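The values are calculated or read from the model by the stated rules, or taken from the named source; none is laboratory data. These figures come from a predicted structure and were not determined experimentally. Note that we place each Cβ from the backbone using ideal geometry, even for glycine, and neighbour counts take in every protein chain shown.
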Amino acid sequence: MSAYPDGIKSNFDFALLSLKGPDAKRFLQSQCTSDVNALGSKQGQPSSLLDRKALIIAYFHLYCLNQEHYLLAAPKIQIEALKSHLDRFIFADKVEIEEENFAGCTLLSGETVALKVRNLTKNLGTNDKQDLCLQDLIDTSGGYILRLPMQSTECFLLFSKESAGKSAEQELNELELNELEAEEIEARRVEAGYALLAVDYKDTLLVELSLASPAVSYTKGCFQGQEVLARVKAQGSPTRQLMGLILDRAIALAPMSEIRLAAGPEVTENLVAGTIASQAYSPRLQKYIALAFLKRDLRVPGRKLEISTESGPVFAEVTTLPFVENKSEAELAKILFDQALDLFTRKNDAEQAIEKLEEALYLNPAYEDAFEALGVILSKHENAESYIDKAIAVMEKLVALNPDSIMAHANLSVFYLEKGDKEKAEEEKAISMSIRMREAAKLAMQEKKEKEDKEALIKESQERIKMFLQVLEIDAEDLFANQGLGNCYNILGEFEKAEEYLQKAIAIKPNHTQCYEDLGAALAGQGKIKEAVSVYQKGMEVAAQKGDMQPLKRMKEKLSDLEAKSPV
């Protein structure tokens, strides 16, 4: 966890627009690319505004304070264009837009910074009864705290109110966070694959950031630029798209400069590959990395590029984004859980273990193992008599979360017995035994259903094989019959037959992405690891050129698994 130290950046260059009024929700739904109607109170989402050609006017983060009050957070460089565009489309709408005035904007970033935000929230004060870790927006007396998914680690913005600026500043100081250097912030942003408008790109389509951008909904209804955006997406892949480059050294090119490839056997002189965006040195990867908008035929993960520069060639490897996956709160909670068990079992430090488990439950309030461990450790505290009621309270929370938790009721039985309440202990023991019996019956039924489902799938595949063979008798070159047979034989575990028909399908249509994924599975099923690796690599190239990002990611994962199990 030390790879992402918690820290702050004072005077961060973000600003906040406030849009409120009876028509606020309807107005934003008609203007934004995201589905504003899907936002609940205290939730946020990335969003954007487009012109008629679907080029990005502003890319920002939208938060719902309530159904008549929304907040729009964006880099200061975008605020004027964002406000101007929205103002221009207000006619009879009952909405008001204004830039919020704050004493300052502070960025909080790090793997466990959510725990610091919890303390900050408690000290600044909030009347919100919801579990704060589940919210994207926290409204406190000292200002707004916004979750901002723009870095390769947890990230929050604190907008300090003028009247409470000093108080918020004092509370921040008490958190004892280190001031983050600009280079570290830039590295975290690039690792996350987050490109900035007016810094990394201009005159860009939203789908060029990502074909499946979280900032756009294709089902929400009309918004400006929607038709163009949908048409580009339907074509499968834009001409250029944001990808990652792993470099052997930094490139002496400013963001938005052209990338030219060095001449070679497959590259013509001065071929323009795309444009460079932000670059940084990643302490996590210990490599130079860069964001780049690459042309379609170059967007193949693992492809090696030789970039021509005045100081000589720079060698780069293309990769999907993000470079570094942000650990989820559930993953961080698991780390804290493991630390707590180590503290208790090996170091006999109950106090620290309890603190770690409470932090884990803040990050993941549905973490049943953490509830159980916390209750048990409290019951075994050296002052067990004064802690037994706390242990019971923890187990009752677990019962409220999962009434069928066997261990919750079993532990409650033990705790009540330790307290001297035999009647309650027997009651909880009976509940635990009853649940065990139900779970055993449920498991038996589940195993039976799985067996029936497998038999049904085999039967269905056998029937489909008959149908596909009939089709091939009429037309031996039918693509979908050949692919369908390959898929069915894979299900039946007859991998040699599957390989035969999938090879035929690829010969019929060499750019059919799914055929490569199925063929890779057929080859791997026969133990032909080198051949499977080669097929997945070719399939990823085809998928990248077509913009089939989901099959590409699946094949990348399967390729990694093969290489890990049997290095080739």
Give the number of residues within the stretch 431-444 that are farther than 20 Å from GLU396 by Cβ and surrounded by 14 or more Cβ atoms within 10 Å (Cβ to Cβ). 0
I'd like to know if the stretch 29-41 contains one or more residues that are crowded, with 16+ Cβ neighbours inside 10 Å and of a type in the set (D, E, K, R). yes
Taking only pairs six or more apart or across chains, which ones have beta-carbon atoms under 7 Å, a first residue in the stretch 183-201 that is over 15 Å from LEU285 (Cβ atoms), and a second residue that is of a type in the set (D, E, K, R)? ILE185/LYS9
Looking only at the stretch 371-405, which residues are charged (D, E, K, R) and not in a loop (DSSP other than H, G, I, E, B)? GLU372, GLU385, ASP389, LYS390, GLU396, LYS397
Quick check: is even one residue across the stretch 334-349 closer than 27 Å to ARG554 by Cβ, part of a loop (DSSP other than H, G, I, E, B) and over 20 Å from the mean Cα position of the chain (by Cα)? no
Kindly indicate which of ALA425, ALA444, ALA410 is farther than 28 Å from SER386 by Cβ and in a helix (DSSP H, G or I). ALA444
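Per-residue answers, yes or no, for (1) in contact with a strand residue (DSSP E or B) (Cβ under 8 Å, 6 or more places away or on another chain); (2) not polar (S, T, N, Q); (3) not assigned by TED's automatic domain parsing to the domain that holds PHE14:
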position	(1), (2), (3)
LEU197	yes, yes, yes
ASP200	yes, yes, yes
LEU205	yes, yes, yes
LEU211	yes, yes, yes
TYR218	no, yes, yes
GLU227	no, yes, yes
ALA230	no, yes, yes
SER237	no, no, yes
Within the stretch 407-421, residues surrounded by fewer than 23 Cβ atoms within 10 Å (Cβ to Cβ) and under 37 Å from the mean Cα position of the chain (by Cα) come out as MET407, ALA410
Filtering strands (runs of 3 or more DSSP E) wholly in the stretch 1-120 for at least 1 residues that are within 28 Å of CYS222 (Cα to Cα) gives 14-20, 44-50, 56-66, 69-75, 96-99
Does the stretch 500-511 include one or more residues that are within 22 Å of ILE458 (Cβ to Cβ), in a helix (DSSP H, G or I), of a type in the set (D, E, K, R) and modelled with pLDDT of 95 or more? yes
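Conditions tested, residue by residue: (1) among the hydrophobic types (A, V, I, L, M, F, W, C); (2) in contact (Cβ under 8 Å) with a residue 12 or more places away in the chain; (3) under 23 Å from ALA532 (Cβ atoms).
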| position | (1), (2), (3) |
| --- | --- |
| GLU452 | no, no, no |
| GLU455 | no, no, no |
| GLN462 | no, yes, no |
| LEU469 | yes, yes, no |
| ALA476 | yes, no, no |
| LEU492 | yes, yes, yes |
| TYR501 | no, yes, yes |
| ALA505 | yes, yes, yes |
Provide a single number: the residues in the stretch 197-241 that are more than 24 Å from the chain's Cα centre (by Cα), part of a loop (DSSP other than H, G, I, E, B) and modelled with pLDDT under 90. 4
Run down GLU428, GLU382, GLU460, GLU359 and say which single residue is under 29 Å from ILE335 (Cβ atoms) and surrounded by 12 or more Cβ atoms within 10 Å (Cβ to Cβ). GLU359
Starting from the stretch 380-394, keep only residues that are in the same structural domain as ALA353 (by TED's automatic domain parsing), then list their pairs with residues that are not in a helix (DSSP H, G or I) whose Cβ atoms are within a distance under 6 Å, requiring at least 6 positions of separation or different chains. TYR387/HIS381
Would you be able to say whether some residue in the stretch 25-34 is modelled with pLDDT of 95 or more, in contact with a strand residue (DSSP E or B) (Cβ under 8 Å, 6 or more places away or on another chain), of a type outside the set (Phe, Trp, Tyr) and more than 17 Å from ILE97 (Cα to Cα)? yes
Hey, among ALA15, ALA24, ALA58, which residue is more than 25 Å from the chain's Cα centre (by Cα) and buried (at least 17 other Cβ atoms within 10 Å of the Cβ)? ALA24
Could you check VAL272 against (1) touching a Leu at 6+ places or on another chain (Cβ under 7 Å); (2) loosely packed, with under 13 Cβ neighbours inside 10 Å and say which number it fails? (1)
Looking only at the stretch 460-499, which residues are of a type in the set (D, E, K, R) and either part of a helix (DSSP H, G or I) or within 18 Å of ALA521 (Cα to Cα) (or both)? GLU460, GLU463, ARG464, LYS466, GLU473, GLU494, GLU496, LYS497, GLU499
Filtered residues of the stretch 83-121 (kept if within 28 Å of GLU359 (Cα to Cα) and charged (D, E, K, R)): GLU111, LYS116, ARG118
Suppose we keep only residues that are of a type in the set (Val, Ile, Thr) and part of a loop (DSSP other than H, G, I, E, B) within the stretch 292-314. Which one would you say is surrounded by the most Cβ atoms within 10 Å (Cβ to Cβ)? VAL300
